[in-house]
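The values are calculated or read from the model by the stated rules, or taken from the named source; none is laboratory data. Keep in mind that what you see is a predicted model, and the values were worked out from it rather than measured. Positions of Cβ are backbone-derived with ideal geometry, glycine not excepted, and every protein chain shown enters the neighbour counts. Just the protein is used for accessible areas: all its heavy atoms, side chains included, with ligands, DNA and RNA removed. Shrake-Rupley method; radii C 1.70, N 1.55, O 1.52, S 1.80 Å.
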Amino acid sequence: MDPGNPVVQLCAQGMTAEAEGREADARELFLRAWEAAADDYEACVAAHYLARHQPTPEETLRWNQECLTRADRVGDDRVRGFYASLHGNMGRAQLALGRPGAARTHFRAAAGHLDDVPPGPYREWVRLCVARGLRATDDAPTADDPVHALLTRLCARADLEALSLLLPAYMGSLGAPEDEERLTAALRMLHAEKRLPAPEQSALSAAIALRSA
């Protein structure tokens with residue numbers, strides 16, 4: 001985004017106010033950005049931030065839909081990297097209204113646009129948000145997930161090395177074959193170290209066997 005754009009500048013000021021806990025000031029700045037928007041691109045940017053400061057789930061959804069609609073109207077590379085976040089926001093808004101089916105549709109769309117987000121911490125954060133949404137709307141969750149049980153035990157005793165290997169693959173999984181392969185590879189690497197207590201080493205073996213079946 002162009003830092004010299006007046007709408008972008010207002011949104012940046014709003015983000016600063018937001019970070020400082022000045023919620024009313026942030027909302028006012030984002031509203032001013034919306035009112036100053038001269039085209040669909042600027043309206044899309046302003047609506048994105050306004051959606052975060054709405055009093056009800058219905059209004060949050062309305063502004064997220066406005067943001068998505070404006071992005072569709074722009075239809076060029078300026079908004080290409082926005083869609084993963086925009087659909088993720090729509091998914092969360094739908095989920096807050098108790099509509100898991102509609103939410104999952106948007107989370108799937110968000111997953112499909114992740115490669116359009118530039119590599120870096122922001123893309124990884126969006127990926128985690130989308131993966132969380134997909135897990136929350138899974139209509140056929142895996143019962144007694146051995147990996148989740150293992151992670152719970154590792155968290156309980158703060159095994160940071162093991163967690164640093166497994167958590168990114170587990171929490172960031174979108175369910176694609178490459179995600180499953182990444183997690184299985186992480187499990188195998190940790191198992192090969194043979195350093196975990198016997199019960200956890202056995203849990204690793206069980207998780208690998210289940211995923212290889």
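The calculated 222 nm mean residue ellipticity attributable to helices in the chain amounts to -24000 deg cm²/dmol, summing -39500 (n - 2.57) over DSSP H runs of n ≥ 4 and dividing by all residues.
Might you tell me the accessible area per residue for the chain, computed with a 1.4 Å probe and given in Å²?
For the chain, the solvent-accessible area averages 54 Å² per residue.
Taking 0.36 nm per residue of sequence separation and subtracting the Cα-Cα distance, how much length would be gained by fully extending the chain between residue 12 and residue 58, in nm to one decimal? Please report the intermediate quantities before stating the final value.
Working: separation 46, 0.36 × 46 = 16.56 nm, distance 2.53 nm.
Result: 14.0 nm gained on full extension.
The mean sequence separation of alpha-carbon pairs under 8 Å and at least six residues apart, normalised by the residue count of region 80-178, gives a relative contact order of 27 percent.
Surface composition of region 32-132: carbon plus sulfur atoms hold 51% of the accessible area, using a 1.4 angstrom probe and ignoring ligands, DNA and RNA. When the Cα positions of 67, 94, 187 are compared along the charge dipole of the chain, 187 comes out farthest toward the positive end, with charges on each C-beta of Lys, Arg, Asp and Glu. Semi-axis lengths, largest first, of the ellipsoid equivalent to the chain are 39, 18, 16 Å, with √(5λ) applied to each eigenvalue of the Cα gyration tensor.
Using the Cβ-Cβ distance between residue 135 and residue 28 with R0 = 45 Å, the FRET efficiency computed as 1/(1 + (r/R0)^6) comes to roughly 0.80. Think of region 1-145 as having a plus end and a minus end, set by charges on the Cβ of Lys, Arg, Asp and Glu; of 4, 107, 122, 107 sits farthest toward the positive end of this dipole. Provide the convex hull volume over Cα atoms per residue for region 47-152, in Å³. Convex hull volume per residue, Cα atoms: 122 Å³. Over region 1-75, the fraction of Cα-Cα pairs per 5 Å bin, rounded to whole percents and listed from the shortest bin up, is 3, 20, 27, 25, 18, 6, 1. Among 168, 121, 100, the largest mean-square fluctuation in a Gaussian network model of the chain (Cα springs under 10 Å) belongs to 121.
Would you please name the trypsin sites (Lys or Arg not before Pro) within region 103-172 that are DSSP coil residues with at most 13 other C-beta atoms within 10 Å of their C-beta? Could the numbers behind the result be given before it?
Values: sites: 104, 108, 123, 127, 132, 135, 153, 157; in loops: 157.
Here the trypsin sites (Lys or Arg not before Pro) that fit, given the DSSP loop and packing criteria, are 157.
Sorting the Cα pairs of region 31-96 by distance into bins of 10 Å, from 0 upward, gives 25, 55, 20, 0 percent per bin.
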